[in-house]
Amino acid sequence: MSIKYAILAILAERDMHGYELKSNFDDKVGEFWSLNFGQIYSTLDRMEKEELVTHGRETQERRPDRKIFSITAQGRQELNEWLTTPVNKVRALRDEFFIKLVFMDKRDPGPLLDLITKQKALYLKQMSKLTQQKMALKKGADNPDALTSELLIDAGLFHTEADIKWLTLCEAKIRAAGNQPEKK
Amino acid sequence: MIELKKAGRMYRQGNREVYALRDVSLLIKSGEFLSIMGPSGSGKSTLLNLMGGLDQPSSGEVFMDGKPLHGISDYELTLIRRRRVGFIFQFFNLLPLLTAEENVGLPLLLDGLPFTEVQPKAAALLRQVGLGERREHRPEQLSGGEMQRVAIARALITEPAVILADEPTGNLDSHTSEEIFLLLRNLNEQGQTIVMVTHDSKAAAYGSRVMTLKDGAIAEDMMIAEPAS
């Protein structure tokens, strides 16, 4: 997945310049996905070559002109196709923790089990924060993006829960492996 | 609020001694929302039962507000259970022949209070849990989520020192569960002490403290947030 579609979706609402685009992006999905200006502008360049967006110029007093980007008909079509197609790829397993797991010594499980315990505690604290954000959202004023934000927070909660369950399984399997007589 | 000092619970199975809980010491402060997690058979429900006076320790001590729950008569224990503890169970444990309002009022009716006095309290609590329009319904006419709300109202009617919940949403879908947790969290924000047994970390994340049991002992005990109240 590229940021291209997020940019298309934001520009589909209205034309805007790069700075606005970034703050819009941050408002909507910034909680989960961080982007810098460089990434935005290089993607916009590429999208212009693919004729998915075009730009006009806005003159500003005492400052250089700035580009106002808009979505093309072709861009709208591509966005619509993307939005209505289910996601084929399962979430990539490239969490930093997996790499630690690979390199930790499994013959001496003590430090690895410690790490798992700490990691679980951290995930639980993260879930507590997400839950508090969700409650604040529910108490706040109604706004059209609130449901989306809530659903994304839910996704974060379910994924973290799965991570905790998986770590608990790791713990049990590592302990069981350590208890096998031939490995003593 | 609730304190356990080296509390243990041993059962005899023939000649064998089985320890459901070993030397557990812990202090739960007023206003806390504690979640107890752990694999099945780790002693979660036994611990909850000791805290609520549903069971007594075979060794060690259990105190509620400084008063012992161990070594007292069944009658005394029944009174503490009825007046100081609100229970919420996975399968709601409502009486099928009673209306929602009567189920909510039951703990006070058992204590001998007249229904005319109990009824307005029960009605107010049902309104508080969002069931003001369901007062006359019997459990079979309610959804799972509604039945659990009735059970929560029933747990609240004695203004208990603590609410003990054993897998309160084990039987409900995710969305309904969330509404139950939000309700519990709101009660906690108003100062209600809550202890909940759960295997669901999404549920535990509503609380301020998470304890993990393993083989009848505390394996982990951590604060995950500031207490809400």
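The values are calculated or read from the model by the stated rules, or taken from the named source; none is laboratory data. Here the structure is a predicted model, which is why all the values come from computation and not from measurement. Here the Cβ is made from the backbone with ideal geometry for all residues, glycine too, and neighbour counts use every protein chain on show.
What residue, among those in region B:37-49 that are touching a residue at least 24 places away in the same chain (Cβ under 8 Å) and of a type outside the set (Gly, Ala, Ser), is surrounded by the fewest Cβ atoms within 10 Å (Cβ to Cβ)?
Checking each candidate, the answer is B:Pro39.
Yes/no per residue for (1) over 25 Å from B:Asn188 (Cα atoms); (2) among the hydroxyl-bearing types (Ser, Thr, Tyr); (3) in contact with a helix residue (DSSP H, G or I) (Cβ under 8 Å, 6 or more places away or on another chain):
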site	(1), (2), (3)
B:Arg16	yes, no, no
B:Tyr19	yes, yes, no
B:Ser25	no, yes, no
B:Ser45	no, yes, no
B:Phe63	no, no, no
B:Ser73	yes, yes, no
B:Arg82	no, no, yes
B:Leu97	yes, no, no
B:Ala100	no, no, yes
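Of everything in region B:166-197 that's closer than 19 Å to B:Met37 by Cα and among the acidic types (Asp, Glu), which residue is surrounded by the fewest Cβ atoms within 10 Å (Cβ to Cβ)?
Once the filter is applied, the top-ranked residue is B:Glu167.
If a residue must be within 10 Å of another protein chain (Cβ to nearest Cβ) and of a type outside the set (Lys, Arg), how many such residues does region A:123-149 contain?
So the count comes out to 9.
Conditions (1) surrounded by 23 or more Cβ atoms within 10 Å (Cβ to Cβ); (2) free of Cβ contacts under 8 Å to residues at least 40 places away in the same chain; (3) closer than 23 Å to B:Thr193 by Cα; (4) among the hydrophobic types (A, V, I, L, M, F, W, C), marked per residue:
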position	(1), (2), (3), (4)
B:Met1	no, no, yes, yes
B:Leu4	yes, no, yes, yes
B:Glu17	no, yes, no, no
B:Leu26	no, no, yes, yes
B:Met51	yes, no, yes, yes
B:Asp55	no, no, yes, no
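Please identify the pairs in which a residue from region B:105-130 that is under 21 Å from B:Leu79 (Cβ atoms) has its Cβ atom under 7 Å from the Cβ atom of a residue that is modelled with pLDDT under 95 and hydroxyl-bearing (Ser, Thr, Tyr), counting only partners at least 6 apart or on another chain.
The qualifying pairs are B:Pro107/B:Thr158; B:Leu108/B:Thr158.
Determine if region B:162-178 includes at least one residue that is hydrophobic (A, V, I, L, M, F, W, C), within 12 Å of chain A (Cβ to nearest Cβ) and closer than 30 Å to B:Lys6 by Cα.
Checking region B:162-178: not a single residue is hydrophobic (A, V, I, L, M, F, W, C), within 12 Å of chain A (Cβ to nearest Cβ) and closer than 30 Å to B:Lys6 by Cα.
Can you tell which of B:Ser45, B:Ser40, B:Ser25, B:Ser58 is of a type in the set (Gly, Ala, Ser) and under 15 Å from the mean Cα position of the chain (by Cα)?
Answer to the selection: B:Ser45.
If only one of B:Lys29, B:Lys67 is touching a helix residue (DSSP H, G or I) at 6+ places or on another chain (Cβ under 9 Å), basic (Lys, Arg) and within 30 Å of B:Met222 (Cβ to Cβ), which one is it?
B:Lys67
Among the helices (runs of 4 or more DSSP H) lying completely within region B:100-160, list those that include at least 2 residues that are of a type in the set (S, T, N, Q) and on the phi < 0 side of the Ramachandran plot.
B:115-128
I'd like the residue in region B:198-229 that is at the interface with chain A (Cβ under 9 Å from one of its Cβ atoms) and of a type in the set (S, T, N, Q) and, out of all such residues, is surrounded by the fewest Cβ atoms within 10 Å (Cβ to Cβ).
B:Ser208
Please state which one of A:Lys106, A:Lys120, A:Lys129 is surrounded by fewer than 17 Cβ atoms within 10 Å (Cβ to Cβ), within 14 Å of B:Ile224 (Cα to Cα) and not acidic (Asp, Glu).
A:Lys129
Could you go through region B:195-210 and let me know if any residue there is of a type outside the set (Val, Ile, Thr) and in contact with a Lys or Arg (Cβ under 6 Å, 6 or more places away or on another chain).
Looking for residues that are of a type outside the set (Val, Ile, Thr) and in contact with a Lys or Arg (Cβ under 6 Å, 6 or more places away or on another chain), one finds at least one in region B:195-210, hence yes.
Please identify the pairs in which a residue from region A:159-179 that is within 13 Å of chain B (Cβ to nearest Cβ) and surrounded by 16 or more Cβ atoms within 10 Å (Cβ to Cβ) has its Cβ atom under 8 Å from the Cβ atom of a residue that is part of a helix (DSSP H, G or I) and among the small types (Gly, Ala, Ser), counting only partners at least 6 apart or on another chain.
Between residues of region A:159-179 that are within 13 Å of chain B (Cβ to nearest Cβ) and surrounded by 16 or more Cβ atoms within 10 Å (Cβ to Cβ) and residues that are part of a helix (DSSP H, G or I) and among the small types (Gly, Ala, Ser), the close pairs are A:Thr160/B:Ser201; A:Glu161/B:Ser201; A:Ile164/B:Ser201.
Tell me which residues, restricted to region B:192-206, are over 14 Å from the mean Cα position of the chain (by Cα), closer than 15 Å to B:Leu182 by Cβ and of a type outside the set (A, V, I, L, M, F, W, C).
B:Asp200, B:Lys202, B:Tyr206
Only residues in region B:174-201 that are on the phi > 0 side of the Ramachandran plot count as the first member; pair them with residues that are not aliphatic (A, V, I, L, M), Cβ under 8 angstrom, at least 6 apart or cross-chain, and list the lot.
Short answer, once both residue conditions are applied: B:Gly191/B:Ser30; B:Gly191/B:Gly31; B:Gly191/B:Ser229.
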